[in-house]
Amino acid sequence: MRLSPLLVAFLAASATVGLSHSVKAQAPPLSSTDTTSTEAIATDSSFQSTLEQEEAPTNSEIAVSPDSEPLSPVDLLTTPPLFAQGASEQESPDRIRVNPLAPTAPQQTTPTFQLPTSPTAPATPTPETAPSDSVTPVPTTPTAPSPAAPSGSTEAEPRVLVGEVLIKGADQTLQDEVYGVIKTQPGRTTTRSQLQEDINAIFATGFFSNVKAVPEDTPLGVRVTFEVQVNPVLQSVKVEGNRVLPEKILADSFGDQYGQVLNLNRLQDGIKKVNEWYQKNGYVLAQVLDAPAVSPEGIVTLQVAEGEVEGIRVRFINKDGDDKDAKGNPIRGRTRDFIVTREFQTKPGDIFNRTIVEQDLQRAFGLGIFEDVRLSLQPSETDPRKVVVVANVAEKNAGSIFASAGISSASGLFGSVGYQQQNLGGNNQKLSAEVQIGQRELLFDLSFTDPWIGGDPFRTSYTINLFRRRTISLIFDGGESEVNLPNGDTPRILRSGGFVSFTRPLSRNVFQRAEWTASLGLQYQRISIRDRDGELSPLDERRNNLSFSGTGRDDLLALQFGIVQDRRNDFARPTSGSFLRLGTEQSIPLGSGNILFNRLRGNYSFYIPVQLVKFTKGCRVVNPRPSDCPQTLAFNVQGGNYLGDLPPYEAFPLGGANSVRGYDEGDLGSVRSFVQGTIEYRFPVISIFSGALFVDGAYGFGSQGLVPGNPGGIRGKPGSGYGYGAGVRVQSPLGPIRVDFGVNDQGDTRINFGIGERF
């Protein structure tokens, strides 16, 4: 209670007697000493308080008499009618509106994601018009309109002396809160507008669900009583419509408010935190819509719309992004819809997540059969809270055919024809076929790959290959001494056969990059040693057997198993991480040669990011991104060994672009066991050019003599050695074109060429 001094009481009585107004009343005027009549100015419990019609407020009003009698001080404070912050008394006092701007389903032109069209380095797709991470829908409590001056009147509002101000319905702590925000004070004059402002200010503290201002005439002046209804103590916050919001986020957002009087402002802060969590975690369509009720027990129930995916559709577009051709007909694609949709981790019924969708786009684009992949959202026709995901894809020309003809000393006059299809039957299956017909021989290579067996939940792929190939073996070529066939020709290895292999990523989630990958295969080869005319030649000019059987023909059936661990940050130009490959091949003795062996191989690389030189702009900043400054120290170690039988043509060749640079291909050795290592410093220079410094070394453990016929030893190959040098890399769509200048341990120099980094 706030009371004025005795002197103020005297002045109040005098001032009250002298007040008058020209407005006519409907009832006899109230006496200044009549304390039995009270008038209420009301507000209701609600965030809602939208007051959509300012000219006809629904709040409690005070009736005004049209008669010519003068108005009392109470009438002066309530004429014209007051309206308060809040809803009318007829509304439910526990109704709460959290967000008056409830989101609607996104239109067709809303978030559109687009991938770059470059097939070599697809960037992470980003929304064109999707909601921004930096813009979080924040529920707000609507602000009541400021009270307007009486219509048609330009006079100053009458002022009434206040004798006493009371707060009813709150404890002392909340009374102090109210006294701190109101302007009406005992001993001072007030107006109708000021009372309106005080009502709004009290409601704006957030502690009250209903506020009334009740003025009364007293001998000391007008007594203003603010009757308030305190919000219940907040016990818990529950969520309806939630599927992805963790309970911990609710606890973190509202937990410190539990056990205290519900404050609507603090509740709004908690709602803002919930919406921020949705945005930060990729749920860009999700937000709190409404809090339909707060129970008398202090339980607030929030309603959320999280943006459920109703379905996923595939739509074909052209290079310009249109889904219709020149005649207005829908563009029809070759690719079957499920080839695209199975790359989406997002499924019907899931909550739309921008981060996951970006990864879905990357996988679809990574199939290699599309020039462009775009994703748009359409509103559901049945539920405005759901969306339809539409994958818009522009197909590339996936097939090619080529033909050639020529003449060579090995084949004579020959012609070849080839065909490649990257999207066979619209199933993303790969087919490659090449046939060469010459005067002396027929060669062919047929390959079919299915990158994901239909219906397999583990993304298992398989490859089938049939071949008839002829090569000049590195085992029987090079070195200081030339050893050929008795007729002077270089031995040729003719391999005819086929293999089938299966590969599976070892990951529980096939939509995430698998760190481990395993493969299993079976291969059969009929191997023969021939001269350039295609004649069988089992012995070299020194009478050494060139085949294991001694007949010039061997049958080799082998079961192959391999496992790969890949932790590199980039496949093409790694700067950090590691790569491990382990493999074994077990032959099964049958046919000519009856060969039984086990071949073991291992390959390990790791990369350390460095910043030793700063030739490019991207390397001049502190902690540059790997893509801006691909600079690294790269280390590689490899090894291999044969157990059991060893056909001479299956020995390990050492030396060359992928072994020890500074040596020609296979010139360092032909060994049964080996280990080799490389240290390489890679750094960008300008634009598409980069450089490398390297040291290579290999050791054959003196095993050249353990290879039947000692093909390396009789040709003067050292068996062990090292090389060092520098190289240039030129970035191209095929990968880095590698040119290395190397010097070997014998002082010889050589330029080695390759495509892609050595490891």
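The values are calculated or read from the model by the stated rules, or taken from the named source; none is laboratory data. Since we're looking at a predicted model, the values are computed, not measured. FYI the Cβ positions are ideal-geometry reconstructions off the backbone, even for glycines, and counts take in every protein chain you see.
Exactly one residue out of GLN676, GLN746 is free of Cβ contacts under 8 Å to residues at least 40 places away in the same chain, assigned by TED's automatic domain parsing to the domain that holds VAL637 and buried (at least 21 other Cβ atoms within 10 Å of the Cβ): that is GLN676.
Okay, residues lined up against (1) charged (D, E, K, R); (2) in a helix (DSSP H, G or I); (3) surrounded by 15 or more Cβ atoms within 10 Å (Cβ to Cβ); (4) more than 41 Å from the chain's Cα centre (by Cα):
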residue	(1), (2), (3), (4)
ARG601	yes, no, yes, no
PHE606	no, no, yes, no
ARG625	yes, no, no, no
PRO630	no, no, yes, no
ASP667	yes, no, yes, yes
ALA698	no, no, yes, yes
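Identify all residues within the range 343-360 that are closer than 13 Å to GLY311 by Cα and not β-branched (Val, Ile, Thr); write none if there are none. Within the range 343-360, PHE344, GLN345, LYS347, PRO348, GLY349, ASP350, PHE352 qualify. Screening ALA518 against (1) at pLDDT 95 or above; (2) more than 30 Å from ASN744 (Cβ to Cβ); (3) surrounded by 16 or more Cβ atoms within 10 Å (Cβ to Cβ) leaves a single unmet condition, (3). Taking every residue in the range 687-714 that is in contact (Cβ under 8 Å) with a residue 24 or more places away in the chain and at positive phi and pairing it with any residue that is assigned to a loop (DSSP other than H, G, I, E, B) and of a type in the set (Asp, Glu), at least 6 positions away or on another chain, the pairs with Cβ-Cβ distances below 8 Å are GLY709/ASP540. When ARG188, ARG223 are checked against the criterion of being of a type in the set (Lys, Arg) and either in contact (Cβ under 8 Å) with a residue 40 or more places away in the chain or touching a Lys or Arg at 6+ places or on another chain (Cβ under 8 Å) (or both), a single residue qualifies: ARG223. Entry remark, the range 448-469: residues being out of contact with any Phe, Trp or Tyr (no Cβ under 9 Å at 6 or more places or on another chain) and surrounded by fewer than 15 Cβ atoms within 10 Å (Cβ to Cβ) number 4 in total.
Taking the criterion of being of a type in the set (D, E, K, R), over 18 Å from ARG495 (Cβ atoms) and in a strand (DSSP E or B), would at least one residue in the range 535-548 satisfy it? Scanning the range 535-548, I find no residue that is of a type in the set (D, E, K, R), over 18 Å from ARG495 (Cβ atoms) and in a strand (DSSP E or B), so the answer is no. Condition check for SER592 on (1) assigned to a loop (DSSP other than H, G, I, E, B); (2) out of contact with any helix residue (DSSP H, G or I) (no Cβ under 9 Å at 6 or more places or on another chain); (3) more than 30 Å from LEU559 (Cβ to Cβ); (4) in contact (Cβ under 8 Å) with a residue 40 or more places away in the chain: one failure, at (3). Only residues that are crowded, with 20+ Cβ neighbours inside 10 Å and either part of a strand (DSSP E or B) or hydrophobic (A, V, I, L, M, F, W, C) (or both) were counted in the range 700-721, giving 2. Here are the criteria: (1) touching a Ser or Thr at 6+ places or on another chain (Cβ under 9 Å); (2) over 21 Å from GLU665 (Cα atoms); (3) not charged (D, E, K, R). Tell me which single one GLY479 does not satisfy. Here GLY479 clears every test but (2). Without any contact (Cβ under 8 Å) to a residue 40 or more places away in the chain and either surrounded by fewer than 22 Cβ atoms within 10 Å (Cβ to Cβ) or in the same structural domain as GLY593 (by TED's automatic domain parsing) (or both): does that describe PHE683? Against the criterion (without any contact (Cβ under 8 Å) to a residue 40 or more places away in the chain and either surrounded by fewer than 22 Cβ atoms within 10 Å (Cβ to Cβ) or in the same structural domain as GLY593 (by TED's automatic domain parsing) (or both)), PHE683 does not qualify.
Here's the yes/no breakdown for (1) crowded, with 23+ Cβ neighbours inside 10 Å; (2) in contact with a strand residue (DSSP E or B) (Cβ under 9 Å, 6 or more places away or on another chain); (3) modelled with pLDDT of 95 or more; (4) β-branched (Val, Ile, Thr):
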site: ASN210; (1), (2), (3), (4): no, yes, no, no
site: THR218; (1), (2), (3), (4): no, yes, no, yes
site: GLY221; (1), (2), (3), (4): yes, yes, no, no
site: GLY241; (1), (2), (3), (4): no, yes, no, no
site: ASP252; (1), (2), (3), (4): no, no, no, no
site: TRP277; (1), (2), (3), (4): no, no, yes, no
